[in-house]
Structures are given as C-alpha cells and as structure tokens.
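Each reported figure results from applying straightforward, stated rules to the coordinates on display, with no laboratory input. No experiment lies behind these values; they were computed from the predicted model shown. With ideal geometry, Cβ positions are generated from the backbone for all residues, glycine too; neighbour counts draw on all protein chains shown.
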Amino acid sequence: MASQAAEAERLRLYTYATAQEASSYVAIMRLFVGALLAERSAHDLVERGIDLPVAAIDQRLRYLEQNGNLLASPREVRVTSIAEYQRQPARYTATSLGVRVHRQVEEVLAATGGAREVPRELLAAVAHRLTELAAVSPADMPPPTRRAWPRPSPPCSSSSRPSPARSPTSTATSDRC
C-alpha cells in the first residue's frame, strides 16, 4: 500500500501537463528549469514574460507546489511586523523530480507525429515494396474496391459452413467455423 501511495504521489508530478491551464504551467516550469537553482516569485515571473496577473501566477505556483513540482523557499527577510512578513511574496524553487518531469514533458511536446515516422529498420522493406509497385502496370492492378475493410462475415451456423468445393480464397469463414 505504501508503494502505491508513493507511486500516486510521483504521478501527480505530471498533472500540470494535462491541466486546463497547461500552457501557463509549462511556461512557468520552463522558467524554473531553464536556470540553475532558480528561486522565483510571482512578481519575478511577470517580469520574465509570463502574461498573467500576479494573483493567477501565485495560484499556479501553489498548485505546482502541491503536486511536488516546486518547493516553497524559506523566507529569510528582515521585517518589523507579521503583516510585513505576510506581504513578502512567496518564493519557489523547482524540485529535482519536478525538473526531471518537466524535461520529459518538453521532450513529448517537441516530438514529431510518431504515426507518420517510419522506423529505420523498415525503410529497406518499404523501398523494396515501392520498387515492386512501380514495376506493376496499371492494367495488372486489381479494380478498386468501395470499402477499405472487408465486410464482416455472418456468425457460423450449419447452413453457412463452407462447402469443400469453395475456392481457397474464401477461407475467412472456414477459419472461424
């Protein structure tokens, strides 16, 4: 049970990447990860180009802290009253796991559409098939079909069992019955 709780805690580190305001969370984390040992407040982030109100940035910083991406830095300021201490902006630093997670998020965001990529191992086979296809004349090609996928065959019954006289190309029903 303890390992499940630790696993759930680590998975929470990724929640900012799928949150409704993901673009602002990613931009904030970029500023923390981009500088070594950065300690920043909401005001610092506004100065560095985050185009949100300070209150909204402060809310996002607290969210990132709650999920383990940021750590609130201890405030070492000289103040004369509690009210003055509370007015001092909270400062945050990125946690080591927060940095690792953000680098992974950046890798995923930078990745190109994987479905359109052809693995290097398959390039020779693709080139061979394209060469074969180029050698085929249009007259040798089968007529186009209207459907991309064959129509599913009906379930097997005694009346739909294939007869031994059927051609070898119609094995879809015989394989299942």
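Worth a mention:
- Simple Cβ-charge dipole of segment 7-111, Lys/Arg +1 and Asp/Glu -1, about Cα centre, in debye nearest 20: 140 debye
- Size descriptor, Kirkwood hydrodynamic radius, that averages inverse alpha-carbon separations across segment 7-111, Å: 14.2 Å
- Each of the peptides 119-128, 23-32 was scored by the mean count of other Cβ atoms within 10 Å over its residues; in descending order, highest first, they stand as 23-32, 119-128.
- Computed over segment 10-82: relative contact order in percent, which uses C-alpha pairs under 8 Å that are six or more apart: 30 percent
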